[in-house]
Structures are given as C-alpha cells and as structure tokens.
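The structure under discussion appears below in the form of structure tokens.
The values are calculated or read from the model by the stated rules, or taken from the named source; none is laboratory data. Predicted model, so just to flag it, every value in this text is computed and none were measured. No Cβ is skipped: glycine too gets one built from the backbone with ideal geometry, and neighbour counts run over all protein chains shown.
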2 protein chains.
Amino acid sequence: MRKINFSAGPSTLVLEVLKKAQDELVDYQGRGYSIMEISHRSKIFEEVHFGAMSRAKQLYGLNDDYEVLFLQGGASLQFAMIPMNLAMNGTCEYANTGVWTQKAIKEAKILGVKVKVVASSEEENFNHIPEVNFSDNADYAYICSNNTIYGTQYKEYPKTKAPLIVDASSDFFSKKVDFSNIALFYGGVQKNAGISGLACVFIRKDMLERSEKKNLTSMLKYSIHAQNHSLFNTPPTFAIYMFNLQMQWLLELGGLDKMNQINTQKAKLLYDCIDNSGGFYSTHAKSDKSLMNVSFNIKDTNLEALFVKEAEEEGMLGLKGHRILGGIRASIYNAITPEQVQILCEFMREFQKKYA
Amino acid sequence: MRKINFSAGPSTLVLEVLKKAQDELVDYQGRGYSIMEISHRSKIFEEVHFGAMSRAKQLYGLNDDYEVLFLQGGASLQFAMIPMNLAMNGTCEYANTGVWTQKAIKEAKILGVKVKVVASSEEENFNHIPEVNFSDNADYAYICSNNTIYGTQYKEYPKTKAPLIVDASSDFFSKKVDFSNIALFYGGVQKNAGISGLACVFIRKDMLERSEKKNLTSMLKYSIHAQNHSLFNTPPTFAIYMFNLQMQWLLELGGLDKMNQINTQKAKLLYDCIDNSGGFYSTHAKSDKSLMNVSFNIKDTNLEALFVKEAEEEGMLGLKGHRILGGIRASIYNAITPEQVQILCEFMREFQKKYA
C-alpha cells in the first residue's frame with residue numbers, strides 16, 4: 001500500500017514518473033542497458049541531458065538570455081558559489097527569512113565578501129516575510145523564495161535594480177515566476193522536481209561574465225560549467241534522467257500555471273481546514289503562507305506527537321515539524337495530489353473530534 | 001537482449017544489483033515508498049547510509065584511523081578540495097601519469113599552492129608509470145592509481161614518508177590496497193562501485209586536523225563533512241543506495257581479494273588474446289598494464305572503426321578508444337564477467353580471421 005508522504009525533502013515523487021523509471025531501469029527503451037550504465041558523452045544520454053535543459057527553460061518561458069546549469073552539491077554549495085562567482089567590489093545584500101538564508105549569509109561571510117543583511121524576520125522567529133529594500137548598486141540582492149521550515153513564501157519578489165538571486169529550492173517548478181530582474185534562480189531539485197544529488201541553476205548571461213573573470217577552481221566556476229553545457233565532468237546522470245521525466249510530466253500536465261492552480265487548490269484545502277478547525281492553528285503571517293510547506297500547531301501541544309503517530313498509522317508520513325520549530329508540517333509539493341490533501345484534512349477533522 | 005557494455009564510465013552495473021534496484025524502486029522493502037522519496041534524516045535511509053560506509057571500510061579492512069566521506073562533485077571537485085584542505089607551507093607533489101593527474105595539478109595551481117611535479121611520463125604519451133621519488137617533507141604526495149585513458153596502473157604504490165593521496169577512481173574497489181602510507185584515497189564510484197553523482201573519500205584522521213584549521217566554506221571542508229557523517233546537507237540518496245547494493249554484492253562475492261582474482265583472470269584473457277593475435281597490439285609498458293582499462297590498437301589502423309562497428313552489431317558497446325589516444329579500449333570493471341571477456345576475445349579472433 002503506497003503511503004502518503006508529506007516529507008520536506010527528499011520527498012514524494014509522481015507515481016507515474018516513478019513507475020516509468022522502474023519499467024525502464026534495467027533496459028532503457030529496449031536498448032539492452034540502463035540509463036545509469038551509459039557514458040555521459042553518448043548520444044542517448046545527451047538526449048536526456050539537453051532535453052531536460054530545454055524543458056526546464058520552456059517551463060519558465062526563458063529565452064537565451066539564461067543558461068541552465070546542472071550542478072552537484074545542492075543548494076548548500078551554491079551558498080558559496082554565488083559570492084565566489086558574483087561578488088564584485090560592492091555589497092552582497094541578503095534578506096534573512098530563515099535557516100537557509102542564514103546559511104547562505106554564513107558562507108558569504110566565510111569568503112570575506114561585503115555582506116549586508118538588509119531585512120530580517122529573525123526576531124519574530126521568521127514567522128513572516130519582512131519588507132525589503134535592496135540598494136540599487138548592490139553586487140546582488142539575495143532572497144530565499146520559500147522557507148521550508150517556517151512555511152513562509154514570497155508572493156511577489158522584491159523589485160530591485162540590483163541583480164536578484166533567488167534560492168527557490170522548496171518552490172522550484174511549482175509556479176511561473178517573473179524573471180524580469182532575476183539574475184540567478186536556483187535550487188536543489190529533490191522537493192518538487194526530482195531526486196537529491198542535482199541542483200539546477202538558471203543564470204543570466206551577464207553573470208557568466210562576472211564568473212569568467214574570477215580566479216576559481218574549475219568545478220566552482222559557473223562559466224566553465226556553462227561553456228561545457230554542464231558536461232565538464234561526469235554529471236549525476238540518473239538524477240538528470242529523473243529530473244527530465246519530471247519536466248516531461250509538468251509539460252504534459254499543462255505547465256507551471258496549471259501546476260500552480262493545483263498547488264493553490266491544495267494549499268487552500270489545508271489552510272481552510274486549519275482555520276476552521278478550532279483545534280489547529282498556524283502562527284505566521286497570513287499573507288506570507290507557503291503553498292508548499294504548511295506549518296501548524298495543535299492548541300493542546302501534548303497532542304502533537306499523538307497526531308504524528310496516528311497519521312502514520314493511517315499511512316501518512318513526514319508530518320512532524322522541523323526540530324527547530326516543532327509542531328506539525330505538511331509539505332504538499334507538486335507530487336502530492338488534491339485527493340491526498342483531502343485525506344489529510346479528513347484525518348485532521350476526525351482527530352479533532354476524537355480529542356477535542 | 002542485454003548488451004555487453006565496455007564503457008569507461010558511467011559503466012555497466014552488476015545485473016543482479018540492477019534488478020534488485022528495479023524490484024524495489026517503487027516500493028522499498030514493502031514500506032509503501034521509494035528509497036528516493038524519503039528524508040535523509042530518516043532511520044530507513046540512515047541504515048543504508050551508515051551501512052554503505054561500514055561496508056566500504058570493511059572491504060578495504062580499515063579501522064577507525066580513517067573516516068569515509070560521501071561527497072558530490074566527483075573526482076573533479078576533489079582535485080580542488082585536496083589542496084584547499086591539505087596544503088600547508090611545503091610542496092604539494094604530483095606524479096603526472098595522464099589527463100587526470102594533469103587536471104589535478106591544474107586545479108592545485110589555480111589555488112596558488114606550491115605544486116611540484118616530481119615524475120611524469122608525459123613525453124612518452126603516458127605509456128608507462130614513471131619511477132617516482134617524493135620528498136619526505138612534502139605536504140602530500142599525489143598519484144592516480146589507474147589511468148583510464150591510457151590503460152596504465154600502479155602495481156604497487158610509491159613508498160613515501162609524505163602523506164600519500166590516491167585518486168583511485170578507475171580501480172576503486174577492484175582489489176585490496178596497502179593503506180600503510182595512504183592519507184587520502186578517493187574516487188568517483190561510477191566505474192566499479194555504483195552510479196555517477198557520488199564520490200567516496202577515505203581520509204586519515206590527521207588530515208582532518210589540517211582541514212579543521214582552514215578557512216573554507218562548509219561544503220568544501222572535509223572536517224565539516226566528517227563531523228556530520230556526510231549528512232551536512234542532503235546527500236545523493238539514491239546514488240548512496242546503489243553504492244550500498246554494490247558493497248553488499250562485493251562482500252557476498254568474497255571481498256576485494258576475490259574480486260581481484262576475477263579481475264586478474266579477465267585481464268589475462270584479454271591481454272593474452274591481444275598478444276597472441278598478430279593483428280592487435282598494445283604499446284604501453286607490459287609491467288604497468290591496467291587490469292581495468294585495456295587499451296590496444298589494430299595494426300591496420302583503418303580497421304579500427306570497423307572493429308567498433310561490428311562489435312556493436314554483436315552487442316558489445318563502448319569499445320572506441322578515448323579521443324585523446326584513439327584505438328580500442330575495453331573497460332573491464334568489476335561488473336564485467338569473465339564470460340563477457342571471452343565473448344570479446346572470440347569476436348577479436350573472428351575479426352582477425354576475416355580481415356587479416
């Protein structure tokens with residue numbers, strides 16, 4: 001019996017994507033080998049690789065002003081690569097909205113670049129997205145679009161004349177985005193768009209010029225990866241294959257607007273259930289509530305562990321809140337269906353009846 | 001019909017490992033989810049992760065003097081991480097035996113450490129392993145144990161008082177190794193021990209002390225990965241799962257001595273076939289011939305493309321030599337069976353009869 005998996009990442013995959021991968025795992029397209037077994041320089045793999053790149057761009061409606069890079073090391077390595085490649089002589093400005101921006105700030109500071117935190121909701125335990133004004137002449141302006149742990153999300157990105165950098169790890173490929181001032185848009189793909197071990201970076205070409213001038217080792221230099229179409233060294237071929245399947249699934253679904261419509265519907269179901277329950281509540285700012293990670297609490301805190309336990313018995317996993325925040329968290333990424341959210345809502349109503 | 005895949009990497013996997021992965025891809029151990037879908041912090045994944053680490057150490061007979069790290073970025077990122085973490089105020093010495101040591105040297109130079117190339121076979125187009133004497137007081141002594149492109153391999157590692165660093169990417173887990181002067185032993189696992197997207201690093205603990213003192217961003221610092229048991233950030237969970245399956249298969253086979261016995265048998269079959277053929281030959285030093293990558297040529301060079309084509313028609317892939325060297329190359333890693341090498345030898349004999 002397949003579980004309903006609300007894990008924050010790595011997280012549930014689209015069942016038909018998973019089944020397709022299983023079907024052809026030993027024998028890819030009847031060729032007599034697995035996609036995992038062939039050279040990254042082979043035509044067969046290149047079809048997957050370049051197909052995935054072009055589908056990713058298509059989904060966001062991007063033209064050739066942007067390159068797509070497939071990198072290893074997750075978002076965590078990007079926290080360092082961004083200042084390494086893009087810091088100039090000005091300030092690197094950050095809006096601090098949670099653990100992931102804190103980590104990005106920390107790595108930039110280790111590198112000795114001029115870090116400036118221009119907005120923060122840290123004192124309110126990151127329960128909202130703070131207002132942010134970046135300097136026009138900053139080297140870059142950095143945000144995290146969705147805060148996995150706290151369940152907050154930018155509904156619109158800050159307007160800025162500085163190049164905007166967005167860590168979109170936990171709402172990657174979940175909705176269309178206005179790229180008009182985005183210079184770099186990136187994320188690990190293991191939440192909404194594949195499995196762990198692959199980061200996807202959209203980078204505007206003027207940023208590659210900055211990178212080009214830097215004295216960096218090859219694997220840490222965006223321009224080298226761009227010049228080599230992310231085949232500078234052996235890429236994580238299976239992770240790219242899985243990402244490609246997910247891109248195909250999104251396109252067949254109708255693209256990111258359609259995906260966003262479904263994601264909005266799912267989030268509404270769950271937030272309505274919380275708001276109408278009497279027993280469940282969420283503390284963060286209404287306008288900033290994430291469509292991806294729904295964090296909430298039970299008025300009687302003692303019931304939280306029981307909630308997680310009983311949900312597991314009903315086949316629902318991953319509902320325990322992050323250790324930093326506690327409480328309950330349901331991650332309802334792309335692969336979670338509205339029907340699965342309904343099942344959670346019904347369980348919540350039953351739970352409340354039983355213990356209220 | 002399954003092909004016989006002599007690719008240099010990513011390369012063929014053990015069929016029973018591949019089938020096991022397929023069987024449980026959608027439903028891991030009857031749990032209702034895929035191993036790809038669960039948190040890297042979950043008990044179920046931790047069993048895989050720590051199981052893989054302890055099996056890897058068991059296979060090489062290593063005690064707690066060494067830590068195992070699971071990293072992303074392949075050997076290519078290690079070319080930079082090694083000097084970043086381990087260079088002190090002395091020289092970083094390299095034996096240059098091919099493209100992979102050239103790349104390692106290049107990255108160290110970018111970092112501005114004191115690089116000294118103490119031996120090289122570059123002038124003879126890397127057709128042998130040169131004699132090498134490292135300085136006792138070097139910061140480290142660096143070799144590549146097997147040269148994938150040229151088909152040369154160290155039969156014994158150089159003795160040195162300096163910490164020895166071995167890039168073992170293309171003979172990783174193919175045989176036992178004397179670790180008595182090894183400080184760091186590493187490789188991408190996509191040739192002998194799994195799929196691409198995972199590098200495995202064995203590091204002696206005194207090297208972690210060097211790393212600890214360095215001012216490096218977190219993902220580039222060995223000591224951070226060691227302290228976090230390679231769970232500092234989301235690791236490539238599926239690649240680790242595949243690596244673990246491969247470790248289990250090696251242990252069930254009887255370990256690395258048994259694996260080496262089979263690998264030696266396979267290489268003997270193929271080298272004997274070349275040497276006794278009259279039409280095929282290999283130019284590199286007999287004593288340095290690789291048990292992993294068998295490079296050879298056909299006396300009538302015009303026949304080489306035909307050889308590759310006809311072999312493909314017979315279901316044998318990946319025999320075209322690397323573009324740098326040309327000719328033919330058969331990579332006969334762990335997952336290639338003696339029977340498959342026999343089939344190649346028979347094809348070679350038939351080919352020669354037909355075209356001699």
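Applying the condition of being charged (D, E, K, R) and facing chain B (nearest Cβ under 7 Å) to the stretch A:1-31 and asking which residue is nearest to A:VAL294 (Cα to Cα) yields A:LYS3.
Determine if the stretch B:58-75 includes at least one residue that is of a type in the set (Asp, Glu), more than 10 Å from every other protein chain (Cβ to nearest Cβ) and under 19 Å from the mean Cα position of the chain (by Cα).
Scanning the stretch B:58-75 turns up at least one residue that is of a type in the set (Asp, Glu), more than 10 Å from every other protein chain (Cβ to nearest Cβ) and under 19 Å from the mean Cα position of the chain (by Cα).
Taking the stated definitions as given, is A:SER170 modelled with pLDDT of 95 or more, within 14 Å of chain B (Cβ to nearest Cβ) and farther than 30 Å from B:PHE79 by Cα? For A:SER170, the condition - modelled with pLDDT of 95 or more, within 14 Å of chain B (Cβ to nearest Cβ) and farther than 30 Å from B:PHE79 by Cα - is met. Note on the stretch B:32-49: among residues that are crowded, with 17+ Cβ neighbours inside 10 Å and facing another protein chain (nearest Cβ under 7 Å), the one that is farthest from the chain's Cα centre (by Cα) is B:TYR33. Residues satisfying the criterion are present in the stretch A:253-267 (criterion: in contact with a Gly (Cβ under 9 Å, 6 or more places away or on another chain), outside the structural domain of A:ASN125 (by TED's automatic domain parsing) and over 30 Å from B:PRO236 (Cβ atoms)).
Quick check, is B:ASP64 of a type in the set (D, E, K, R), surrounded by fewer than 20 Cβ atoms within 10 Å (Cβ to Cβ) and farther than 25 Å from A:THR237 by Cβ?
So B:ASP64 fits the description; yes.
Meeting the requirement of 2 or more residues that are touching a Lys or Arg at 6+ places or on another chain (Cβ under 9 Å) and assigned by TED's automatic domain parsing to the domain that holds A:LYS213, the helices (runs of 4 or more DSSP H) wholly within the stretch A:16-115 are A:43-60, A:74-86.
If you check A:LEU251 against the conditions, is it surrounded by 19 or more Cβ atoms within 10 Å (Cβ to Cβ), modelled with pLDDT of 95 or more, part of a helix (DSSP H, G or I) and under 24 Å from the mean Cα position of the chain (by Cα)? So A:LEU251 fails the test.
Applying the selection to the stretch A:116-166, what residues are closer than 14 Å to A:GLU93 by Cα, touching a residue at least 60 places away in the same chain (Cβ under 8 Å) and not in a loop (DSSP other than H, G, I, E, B)? Selection gives A:TYR142, A:ILE165.
Could you go through the stretch A:4-22 and let me know if any residue there is over 21 Å from the mean Cα position of the chain (by Cα) and crowded, with 17+ Cβ neighbours inside 10 Å. Looking through the stretch A:4-22, at least one residue is over 21 Å from the mean Cα position of the chain (by Cα) and crowded, with 17+ Cβ neighbours inside 10 Å.
Only one of the listed residues (A:VAL201, A:VAL189) is surrounded by fewer than 24 Cβ atoms within 10 Å (Cβ to Cβ), aliphatic (A, V, I, L, M) and within 20 Å of the chain's Cα centre (by Cα). That residue is A:VAL201.
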